[in-house]
1. Restricting to segment 1-22, name every residue that is open to solvent by 90 Å² or more (accessible area, probe 1.4 Å) and not aromatic (F, W, Y).
2. When the residues of segment 23-55 are narrowed to those that are surrounded by fewer than 10 Cβ atoms within 10 Å (Cβ to Cβ) and at pLDDT below 90, which ends up nearest to L4 (Cα to Cα)?
3. Starting from segment 57-70, take each residue that is modelled with pLDDT under 90 and list its partners that are of a type in the set (G, A, S), counting only C-beta distances under 6 angstrom and pairs at least six apart or across chains.
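The values are calculated or read from the model by the stated rules, or taken from the named source; none is laboratory data. The model shown is predicted, which means the values in this text are computed figures rather than measured ones. Glycine also receives a Cβ, built like all others from the backbone with ideal geometry; neighbour counts cover every protein chain displayed. Protein only, heavy atoms only, side chains kept; ligands, DNA and RNA dropped before computing areas. Shrake-Rupley method; radii C 1.70, N 1.55, O 1.52, S 1.80 Å.
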Amino acid sequence: MERLVIRVGSNTAVPCKFDLDFAIDLDKKTWNGLKEIFDALADVYDILGENYNLDRLRELAEADKDGRCLILNKKLALTPKGKNPVWILRDNGIIKDYIVDAWLCFDRDENLFCGYSTKSGIDIVENAVGNTVFFSQEAAEAALKERRGDEG
């Protein structure tokens with residue numbers, strides 16, 4: 001969708017498609033109301049970015065209202081099924097690699113469980129990512145060094 005207002009720096013947003021000559025005849029209360037609308041619309045553009053789809057935004061808003069949205073505390077970089085390697089740092093200090101085959105979300109005793117399921121049958125809860133579960137061997141090794149207190 002084409003941008004209707006623009007804001008330069010911290011200035012009040014102004015319309016892109018027409019000039020503000022009409023504002024000369026406006027009383028202060030009306031002009032301040034218009035500036036508030038322009039600023040609110042500019043805020044929406046700043047949040048959504050230049051290329052957005054209102055239908056997708058509507059779908060996400062409806063899913064949120066219905067309680068169907070889940071916000072993860074870590075960014076997940078999932079590739080096609082069967083091609084998602086993870087490295088798990090075990091309590092005994094061993095790093096083991098696994099292939100994730102599914103992302104799971106289900107209700108377990110009124111608590112939402114979210115995680116991965118590996119082909120070996122291990123479920124990885126989402127909050128373990130970055131703690132005991134890593135998306136690269138290097139990250140797992142760095143965590144192991146930190147856990148051991150290694151300097152290098």
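1. M1, E2, V8, S10, N11, K17, D19, D21
2. Applying the filter and picking the extreme gives E50.
3. C69/A63
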